[in-house]
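Computed from the coordinates by the stated procedures, all read-outs in this text should not be read as laboratory data. Since the model is a prediction, treat every value here as computed from it, not as a measurement. We place every Cβ from the backbone using ideal geometry, glycine too, and count neighbours over all the protein chains shown.
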Amino acid sequence: MAKRIVVDPITRIEGHLRIEAEIENGKIVDAYSAGTMVRGIEIILKGRDPRDAWAFTERVCGVCTTVHALASCRTVENALDIKIPPNAELVRNLMFSAQQMQDHVIHFYHLHALDWVDVVSALKADPKETSRIAQSISNWAKSSPKYFSDLQKRLTNFVNSGQLGIFANGYWGHPAYKLPPEINLIGVAHYLEALEWQKEVIKIHTILGGKNPHPNYLVGGAPISINIDEANALNMERLNIIHKQLKDAKEFINQVYIPDILAVAPYYLEWSKIGGGLKNYLAYGDLPTNGYNDVSSFKLPRGIILDRNLNEVIDVDGTDEEQIKEYIAHSWYEYEDGSSGPKHPWHGETKLNYTGPKPPYEYLDVKNKYSWLKTPRWKDKPMEVGPLARMLVSYAKGVPEVKGLIDTVLGKLNAPASVLFSTLGRTAARAIEAAVVADWALEFYNQLISNIKNGDTRMANMEKWDPETWPKEAKGVGMTEAPRGALAHWISIKDKKIDNYQLVVPTTWNGSPRDANGNRSAFEESLIGTPVADPEQPLEILRTIHSFDPCLACSVH
Amino acid sequence: MEKNTVLKRVYVWQLPVRFYHWLNALCILILAITGYIIGNPPAIQSGTEAFKGYWFGTVRFIHFVTAFVFFFNFVFRIYWGFVGNRFAKWNNFIPFKKSDWKGMLRIIMIDILQKESRPLRKIGHNSLAGFTYFILFIIFLLQSITGFGLYSAMSTSWFPKLFSWIVPFLGGDLQARQLHHVLMWFFILFAFVHVYLVFYHDYVEGRGIISSMGGGWKFIEREIK
Amino acid sequence: MKINSPTYWEAMQAKGVNRRDFLKYCAWLGALLGIEASGVGKIVHAMETKKRLPVIWLHGQECTCCSESFIRSSHPVVANVILDDISLDYTETLMAASGYQAEKSYRDTITKYKGEYILCMEGAIPTGNGGVYCCIGGRSMEQILKEAAEGAKAIIAWGNCATHGCVQAAKPNPTGATPVRKLISGKPIINVPGCPPIAEVMTGVIAHVLTFDRIPALDSMGRPKAFYSRRVHDSCYRRPNYDAGLFVETFDDENAKKGYCLYKVGCRGPVTYNSCAIMKWNNGVSYPIQSGHGCIGCSEQNFWDNGPFYKHLPSFPGFPIEKTADDICIAIGAATAAGIAAHAITTNIRKRAEIKEKVEKGRIKNIEKEEGVNNG
Ligand code: HEM
Ligand code: HEM
Ligand code: NFV
Ligand code: SF4
Ligand code: SF4
Ligand code: F3S
Ligand SMILES: [Mg+2]
């Protein structure tokens, strides 16, 4: 008989995720992933001004803040046929890049690292040896023996205080931790450094959107005006902050993030065979260099990989009502026609209908409905989305920067490309992507400077701002790549108001319950076969689930 | 039944009431104009630097100064409602008695729907007018508390601070402003109808109602027995 | 387990901070919090003697941007807050332990530190349908909040969600999202609105509690006066443009490029209480208005339902989105004018006889004077 274990709350993610897993002979044989919080934002959007939707949808998530705002602006612009000026596209690309870099680093150090790094073991590290290792893997300045011994002292005092705070009741000493104490100490040092750095890089959002989290967006362009001869607009001083942050980000990623991944990975190579899960990958692509309507100009290409076949990339079309659809077979919703779907988002419905157990409860009724996530499918196939999907599509499409970096990393680890289809692969793909985006972001910056130099300071296209210029009815879809994967919003506008608004979000793809045909989505599928040494300390479950960087507020909305 | 009547001159509106009335009308005119500008400032394309201009601040200043005059003039009228003559008394405005409600019904029949042709013989306000003014006074009050409530955030003086409670009560400054703004329209609509009705009564009844707010006298029919 | 926690001073010594720097830090903290020099001694004493304050941070219906904002704090930086100042015993976003172990951390603190811990609430609490819209470990958020509030010394409601309900409470509030203050009574509640609040406001509130051992002075809406007593508009650097009547008419127009006031494109600065214009965001880099977008009023109650965001006057409930009070009232005004005209015409027809009679009969024969006495 399989033993059912429950992990709820799954921590070090965004939001409320619950995993129920069946364990037999130390391995997971079945798993159920449930989102346990809902807000009904799709319901709340009905009847509102489409130009305001970015602000509502941005509040779907404060961790991947901005990506929903971006998707929303594109959705409305798509519906109303608005083309934004090139500078606005660059501003959006810069904000996108800052988000991607910051979110990936936060994820690795603050949400994921403690699955691999044993904080308590770091107390036993030799600071000199730590320093030697640190200097051998990168040129990062903070790597002296004194630096590490000071940190170790601080950590010792912290642990001795008996008040362990966020580290209390962690899985310290678990046999699955494999790193030597010195690398653990480096991990702790960079945990703290990354915490400092992340608050700097987001200043790019502060300049361009006025604040972070939740910077401001604008349908038709970007709200900030360029005027290099004015104190109140985007001028050289403002641009300099952006430039500095981009350069610092690149350095942090190349000198800290990537070396750490390369240092940690060799100790956990067995995780390149665990947690692969689904075999299909979906990316909408992003970072247009010739306007959002020209998909071929995207730095991150669009496409689908089926059955891990990297020789073919299949097209995806959000407006084709036969492609992307959502089931509610195991989700606490109700469709008007009584079916469990699937429905294309333009016909999507959001009516809450909880049928689960009354709280407090011990187990969910996983045979029936058990989650607030809907279940998206592409032509009835489950898809994995995220940095791994993006890197695979880019690799398959031969994006040179991506191909180069992946090959380098695989070379250093002396591993074949197939290791990418795993828990470890997901974590590595995220770092690779951060490094590629760090380079591209500087290109966008330079492009913006050159536009301004050439006298183009346009930032917003206000021709269709006035609702009087809109058609009576309009429909749109806006796509982007959020840090966690393919994100799209669908809108229908009627009489100048939102008639229907549907979001299909990265973690909705990855973390959804099964569809009507019983097919598992990525979280559930990837857990099958994962070893669990001690069911009381489900560290291994966390590793695989965290490799997706779940965001439940996003996924349910 | 035909009756012979003579007109009798009656001193209805005492000087303070007349003074109050015209000052009030002037304040409301200024407040509505400045208020409308505050709510919808005109597009003035200008190359000047901000430090050279202050016109919008001046408009607001006029609004606030006038607001104080308006408010205390109103307070004075309430006081006069207790000490003034019988036409100025507060009980002209509040329909306590059944006959007040009956009167209102008749006014509606006579003046609004024009089903009856006989004018009502009333010296001061007719009961419908009185009641309308009562509502108007309540709106004066609302306008003042929302106005001073909003103003309390920009003032350190104790007086506006007395009204600061209204803002959280209404759910925030925006709600207070929305209400304050809508009430402006009430005054505009009231003034339209009020001025029309004054002219109407003068025209139909010929009792000199317009000039009564000037000199205080009305001309009332008296039957010749 | 015996608690043997170092004081701030000890914690800072462990970091290699010397006494002089420590005193400087205290003076600087004092300056930040607006304490006069004579009060700095108190801070020094507080920092020397206090253990780390246990904190439980719950997550309800939220987007976690309050946590995200919190970790952006620059003074103090958040690593120091959680390693040296407080003991963040439970927060789903950052804690190492999951599942049972996480629940254990929570239980340990609410039992061991009963009456001593600070409860931070991020997110709203759905009360609809028995609380099924937000469950953690099989229990509803409402059940957890009530239990955790029981033994809390004080409660901090982070963000617009916990203070006002925020986006999930916007109409039609499908899950019955409710702010803390409507569910918990009998405990001090510090409301820290904003979507999210500014990072340094969040750490500032915590530092205030730690340093002075009491909650900050609150206004009538339970917000710390230090951060919410001014409207954005009162300290906005574009204010001279407002006073001079220089306005942006539409985004990215000539006026926008000159940084004129954003009032006419919907800025809610005049109706929003927050420190954005004073402290600015992300260590003083900018704030919404400086970056060209009006304030959307994100620290105000109901700000989601005060839209559309790009109109100075919100749309009027029950009317189409683009119609403001002015449009509606102008329509009513037109109807009134038409009514008056119709009435005037009818008067001339229906009252004709009466008017004529009076004009022809010429009634003024006898004029008596009546004294304006009080005989009514
Ligand atoms: C008949 C009386 C009044 C009328 C018609 C009137 C009208 C208005 C209007 C239309 C606005 C613009 C509101 C908006 O669109 O946001 C306004 C603003 C304002 N009014 Fe009045 N008002 C009147 C009396 C008062 C009084 C008695 C006060 C008391 C101080 C007052 C104080 C204010 C304040 C503080 C503002 C906001 C101005 C700003 O923030 O710049 N008003 N008024
Ligand atoms: C040409 C302009 C106006 C004229 C000729 C006029 C005339 C009059 C007259 C004759 C009365 C007495 C009505 C009666 O016997 O029932 C009256 C009362 C009144 N009017 Fe006007 N009015 C004018 C404008 C206004 C305006 C603009 C307002 C304010 C919005 C206003 C507010 C009032 C009020 C409040 C009363 C009641 C007075 C009291 O008893 O305190 N009037 N007006
Ligand atoms: N899933 C998800 Fe997001 C991301 N990345 C968004 O679309 O985190 Ni909140
Ligand atoms: S208040 Fe705003 S920022 Fe904070 S959790 Fe709620 S939606 Fe997010
Ligand atoms: S931009 Fe907004 S806050 Fe600033 S002065 Fe203008 S209206 Fe006020
Ligand atoms: S939108 Fe919010 S961030 Fe500040 S400027 Fe307005 S309160
Ligand atoms: Mg959806």
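A crude spin-label estimate for the pair A:GLU336 and B:ILE135, with each label 7 Å from Cα along the Cβ direction, gives 4.1 nm. Along the axis of the charge dipole computed for the protein assembly as shown (Cβ charges of +1 for Lys and Arg, -1 for Asp and Glu, origin at the Cα centre), the listed residues A:THR457, B:ILE62, A:PRO215 are led at the positive end by B:ILE62. For q values of 0.04, 0.06, 0.08 Å⁻¹, compute log₁₀ I(q)/I(0) with the Debye formula on a Cα-only model of the protein assembly as shown, without solvent. Evaluating at q = 0.04, 0.06, 0.08 Å⁻¹ gives log10 I(q)/I(0) of -0.26, -0.54, -0.87. Near A:TRP378, once Lys and Arg are set to +1 and Asp and Glu to -1 for all other residues with Cβ below 12 Å from its Cβ, the sum equals -4. Each 5 Å bin from zero holds the following percent of Cα-Cα pairs in the range C:144-293: 2, 9, 16, 17, 17, 14, 11, 8, 4, 2, 1, 0.
Result for chain B in a Gaussian network model with C-alpha springs under 10 Å: among B:THR58, B:THR66, B:THR132, the largest mean-square fluctuation is at B:THR58. A straight line joining the Cα centroids of the range A:114-154 and the range C:108-140 runs 37 Å.
When both the range C:269-302 and the range B:4-37 are represented by their alpha-carbon centers, they are found 45 Å apart.
Computed extension gain for A:LYS494 through A:LYS142, at 0.36 nm per residue and net of the alpha carbon distance, reaches 121.0 nm. Any idea which of A:HIS347, A:ILE491, A:PRO360 is furthest toward the positive side of the dipole for chain A, if Lys and Arg beta-carbons carry +1 and Asp and Glu beta-carbons -1? My answer, from the dipole projection, is A:PRO360. Per the Cα gyration tensor, chain A maps to an equivalent ellipsoid with semi-axes of 36, 31, 21 Å, ordered largest to smallest.
Between C:VAL359 and B:HIS194, the modelled labels are 2.9 nm apart [label points 7 Å from Cα along Cα→Cβ]. Label zone of C:ARG350 (point 7 Å out along Cα→Cβ, amide N under 19 Å): in the range B:176-192 this covers no residue at all. Summary value for chain B: 33 percent relative contact order, contacts being C-alpha pairs under 8 angstrom separated by 6+ residues. Maximal additional length on extending the A:ASP294-A:ILE228 stretch stands at 20.8 nm, based on 0.36 nm per residue less the C-alpha distance. Note on B:PHE72 and C:LYS114: with the Förster distance fixed at 45 Å, the Cβ-Cβ geometry gives a FRET efficiency of about 0.20. Two tests apply to each whole DSSP H helix in chain B, Cα reach of 24 Å or more along its axis and mean Kyte-Doolittle hydropathy of at least 0.5, and the ones passing both are B:15-39, B:55-83, B:127-152, B:173-205. Between C:ASP219 and C:ASP234, the contour length at 0.36 nm per residue exceeds the alpha carbon distance by 3.7 nm. Other protein chain C-beta atoms within 10 Å of residue C-beta, averaged over C:310-321: 4.
Here's the list of lysines a cross-link from A:LYS27 could span, going by alpha-carbon distance under 18 Å and ignoring same-chain residues fewer than 8 apart: A:LYS3, A:LYS273.
Taking Cβ atoms as reference points and 12 Å as the exclusive limit, the residues near C:VAL78 contribute a net charge of -3, counting Lys and Arg as +1 and Asp and Glu as -1.
With the cut-off at under 17 Å, measuring from each backbone N in the range C:240-275 to a point 7 Å along the Cα-to-Cβ line of B:LYS52 picks out C:240-247, C:255, C:258-261. Over the range B:80-225, the reciprocal of the mean inverse Cα-Cα separation, the Kirkwood hydrodynamic radius, stands at 17.8 Å. Inter-part distance, the range C:154-201 to the range A:178-226, computed on C-alpha centroids, equals 25 Å. Taking packing as the residue-averaged number of other Cβ atoms within 10 angstrom, the listed peptides A:455-463, A:180-188, C:221-229, A:95-103 run from highest to lowest as A:95-103, A:180-188, C:221-229, A:455-463. Residue by residue along A:61-74, Cβ atoms of other protein chains within 10 Å of the local Cβ number 2 on average.
Once the cut-off is 13 Å, how many percent of the Cα-Cα pairs in the range C:271-321 end up in the long-distance tail?
Working: 791 of 1275 pairs.
That tail contains 62 percent of the Cα-Cα pairs.
Once you treat every alpha carbon in the range C:45-182 as an equal point and sum by Debye, what is log10 I(q)/I(0) at q = 0.10, 0.16 Å⁻¹? For the requested q values the scattering log ratios are -0.33, -0.84. Distance between the pseudo-spin-label points of A:TRP346 and B:SER211 (7 Å out from Cα toward the beta carbon): 7.5 nm. Per-residue shielding of B:31-41, expressed as the average number of other chain Cβ atoms within 10 Å of the residue Cβ, stands at 2.
For a straight C-alpha distance cut-off of 23 angstrom, the lysines reachable from C:LYS280 (same-chain residues fewer than eight places away being disregarded) are A:LYS199, A:LYS203, A:LYS211, A:LYS244, C:LYS225, C:LYS257, C:LYS258, C:LYS264.
Note on A:ALA516/C:LYS182: beta-carbon distance plugged into 1/(1 + (r/R0)^6) with R0 of 41 Å gives a FRET efficiency of 0.55. Ignoring aspartates and glutamates fewer than eight residues from A:LYS83 along the same chain, the ones with Cα atoms less than 13 angstrom from its Cα are A:ASP294, A:GLU463. Dividing the radius of gyration of the alpha carbons in the range C:230-322 by their Kirkwood radius gives 0.97 for Rg/Rh.
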